[in-house]
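S.K.: Encoded as structure tokens, here's the structure I'll be asking about.
The values are calculated or read from the model by the stated rules, or taken from the named source; none is laboratory data. Bear in mind the structure is a predicted one, so any value in this text is a computation, not a measurement. Note: ideal-geometry Cβ built from the backbone for every residue, glycine included; neighbour counts use all protein chains shown. The protein model used for the area step is the full one, side chains on, heavy atoms only, and it has no ligands, DNA or RNA in it. Shrake-Rupley method; radii C 1.70, N 1.55, O 1.52, S 1.80 Å.
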Amino acid sequence: MASTLIHSIGSLVTNDPALGQGPLGLVEDAAVLVEGEHIAWVGPSGRAPQADSAYDARGRAVIPGFVDSHSHLVFAGDRTQEFAARMSGQPYKAGGIRTTVAATRAASDEELAANLARHLREALRQGTTTFETKSGYGLTVEDEARALRIAAAQTSEVTYLGAHIVSPDHADDPAAYVDLVTGDMLDACAPHARWIDVFCEKGAFDGDQARAILTAGKAKGLIPRIHANQLSYGPGVQLGVELDAASADHCTHLTDADVDALASGNTVATLLPGAEFSTRAQWPDARRLLDAGVTVALSTDCNPGSSFTSSMPFCIALAVRDMGMTPDEAIWSATAGGAQALRRTDIGRLAPGARADLALLDAPSHVHLAYRPGVPLVDAVWRNGVLVG
């Protein structure tokens, strides 16, 4: 296997406290040895082993590649008018998803795949090396299955979200749609997905419906995730913990009992500040969750309606500015936290044996991601050991 030594790193975030200082395992004047697709060695530049080739970081910071554990990227169409109306004072409603459903159904496989690839290139340039994405804009057996097939060609982190909203075709009979989601649609989609998700919210699916959907998915071997407590208080978070969901996503409106449940369970609270930014909604209280001992992830929620951003650095800046996170907590949540939300140990950290997914910043420290919001600081990206940008 060819090896590359990335040396003269001013500040290296490993996310492994055994390798450096503090929870981030910071190493100053560091080097990373990449062999094939994995990290082979991490430590001070002065002790670095020999390698086939070398890359001079010139005193700049290196971080793990971002792990974006919540996105909706298989879609067609545009919701610019909805965004403009919302910015003029009209509130966000879950029903806006129907606009994208119509456009997605009308699009060809080639159009959907090309749009997905475009957004993935955009995210990669900003340091995202692992992403999860969902179906949910087809809402028929055929359209949901094809969305998952298209997604699975790009990532193993594929989520079946037939329960995004009640399909317009079943608007008068939600129970029949739940039967479809847990029956024929699940049968068609399960072979292409790792996860199952449901939007547990007023205007989408209530607690009993969400339980039935996630339970059916578990029986098919899919691991639960849940859109929970985004627009209002509700049963989503506690249901997710009860069913051992990998992640409860949004977590904007939480009771003390919700926070206690997250703190005592294995479910990661994935916060999606792009959605609050784009809808002018209440910010999730990350500080409250962190102080309670909850594991927190940050993600983009990239979708055409309520959070049309693929930028993890932007979400880090929002989390620090408006959600009570420190820069260290935000970078951890956008890397190691996302990995935990995907139940992965091979990503989100830079340590021997981990995948060689890392980003070089045109800055001396990861703190600049929040300190210099909106500035394109990601200068180079390695994914699976290959320099890709």
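S.K.: Run the numbers for ARG321 and ASP172: contour at 0.36 nm per residue of separation, minus the present Cα-Cα distance, in nm.
M.R.: Contour length minus Cα-Cα distance gives 49.3 nm.
S.K.: Hey, another quick one. With contacts defined as alpha carbon pairs under 8 Å and 6 or more residues apart, what's the relative contact order of segment 268-358 in percent?
M.R.: 28
S.K.: For a label point 7 Å from the Cα of ARG372 along Cα→C-beta, name the residues of segment 46-69 whose backbone N is under 16 Å from it.
M.R.: Output list for this probe position: 57-63.
S.K.: What is the percent carbon and sulfur in the accessible area of segment 259-389, measuring with a 1.4 Å probe over the protein chains and ignoring ligands?
M.R.: Working: 2290 of 4590 Å².
Carbon and sulfur together cover 50 percent of it.
S.K.: Please work out the C-alpha center-to-center distance from segment 60-100 to segment 112-181 and express it in whole Å.
M.R.: 14
S.K.: Can you work out the Karplus-derived ³J(HN,Hα) for every residue in segment 244-250? Use 6.51 cos²θ - 1.76 cosθ + 1.60 with θ = phi - 60°, whole Hz, and x for glycine or proline.
M.R.: These are the phi-based 3J(HN,Hα) values: 6, 4, 5, 8, 10, 10, 4 Hz.
S.K.: Under a GNM of the chain (C-alpha, springs under 10 Å), which listed residue has the highest mean-square fluctuation: ASP256, ASP16, ASP328?
M.R.: The residue that fluctuates most here is ASP256.
S.K.: From a point 7 Å beyond the Cα of GLN90 in the direction of its Cβ, which residues of segment 286-312 have a backbone N at a distance under 15 Å?
M.R.: 305-306
S.K.: Right, next: Roughly how many debye, to the nearest 20, is the charge dipole of segment 239-367 about its Cα centre, given +1 on each Lys and Arg Cβ, -1 on each Asp and Glu Cβ, and no other charges?
M.R.: Here the size comes out at about 320 debye.
S.K.: Can you tell me the relative contact order of segment 112-220? Whole percent, Cα pairs under 8 Å, sequence separation 6 or more.
M.R.: Relative contact order here is 26 percent.
S.K.: Which whole-number percent gives the relative contact order of the chain, counting Cα pairs below 8 Å spaced six or more residues apart?
M.R.: With pairs under 8 Å counted, the relative contact order is 20 percent.
S.K.: Just to be sure I understand: if I project the alpha-carbon convex hull of segment 3-61 onto a plane and average over all orientations, what area do I get in nm²?
M.R.: 3.6
S.K.: ALA102 versus THR255, label points 7 Å from Cα toward the beta carbon: distance in nm?
M.R.: 3.9
S.K.: With the full set of protein chains in place, find how many percent of the accessible area of segment 85-125 is carbon and sulfur; take the probe as 1.4 Å.
M.R.: On the way: 1150 of 2200 Å².
Carbon and sulfur atoms account for 52 percent of the accessible area of segment 85-125.
S.K.: Per residue, how much accessible area does the chain have with a 1.4 Å probe, in Å²?
M.R.: Each residue of the chain exposes 38 Å² on average to a 1.4 Å probe.
S.K.: Follow-up. Would you give the gap between the C-alpha center of segment 276-347 and the C-alpha center of segment 353-381, rounded to a whole Å?
M.R.: First find each Cα centre; the distance between them is then 16 Å.
S.K.: Cut-off 16 Å, label point 7 angstrom out along Cα-to-Cβ of ALA153: give me the residues of segment 115-131 whose amide nitrogen falls inside.
M.R.: Hits in segment 115-131 for ALA153 at 16 Å: 115-121.
S.K.: Over 17 Å, how big is the tail of the calculated P(r) for segment 170-222, in percent of all Cα pairs?
M.R.: Here the long-distance tail beyond 17 Å is 31 percent of all Cα pairs in segment 170-222.
S.K.: Treating only the Cβ of Lys, Arg, Asp and Glu as charged (+1, +1, -1, -1), what charge dipole size does the chain show about its Cα centre? Round to the nearest 20 debye.
M.R.: The dipole magnitude comes to about 640 debye.
S.K.: Report the full-extension gain for the segment ASP187 to ASP56: residue separation times 0.36 nm, less the Cα-Cα distance, to one decimal in nm.
M.R.: 42.1 nm
S.K.: Still on this model: Per-residue ellipticity at 222 nm for the chain, helices alone: DSSP H runs ≥ 4 residues times -39500 (n - 2.57), over residue total, nearest 500 deg cm²/dmol? Write out the running numbers ahead of the final one.
M.R.: Working: 15 runs with 129 residues, N = 389.
Taking each H run of at least 4 residues, the total per residue is -9000 deg cm²/dmol.
S.K.: At each listed q (0.15, 0.16, 0.24 Å⁻¹), what is the log10 of I(q)/I(0) that the Debye formula gives for segment 254-351 modelled as equal alpha-carbon point scatterers?
M.R.: Relative scattering, expressed as log10 I(q)/I(0), comes to -0.56, -0.64, -1.31.
S.K.: Could I ask something else about it? Along its three principal axes, how long is the chain when you only count alpha carbons? Whole Å, largest extent first please.
M.R.: The Cα atoms of the chain stretch 69, 45, 43 Å along their principal axes.
S.K.: Which FRET efficiency value, to the nearest 0.05, is calculated for MET1 and GLU110 with the Förster distance at 25 angstrom and r the Cβ-Cβ distance? Numbers along the way, then the final one.
M.R.: Numbers: r = 36 Å, r/R0 = 1.43.
The value I calculate is 0.10.
S.K.: Hey, another quick one. Under a point-charge model restricted to the Cβ atoms of Lys and Arg (+1) and Asp and Glu (-1), what is the dipole moment magnitude of segment 315-354 relative to its Cα centre, in debye to the nearest 20?
M.R.: 140
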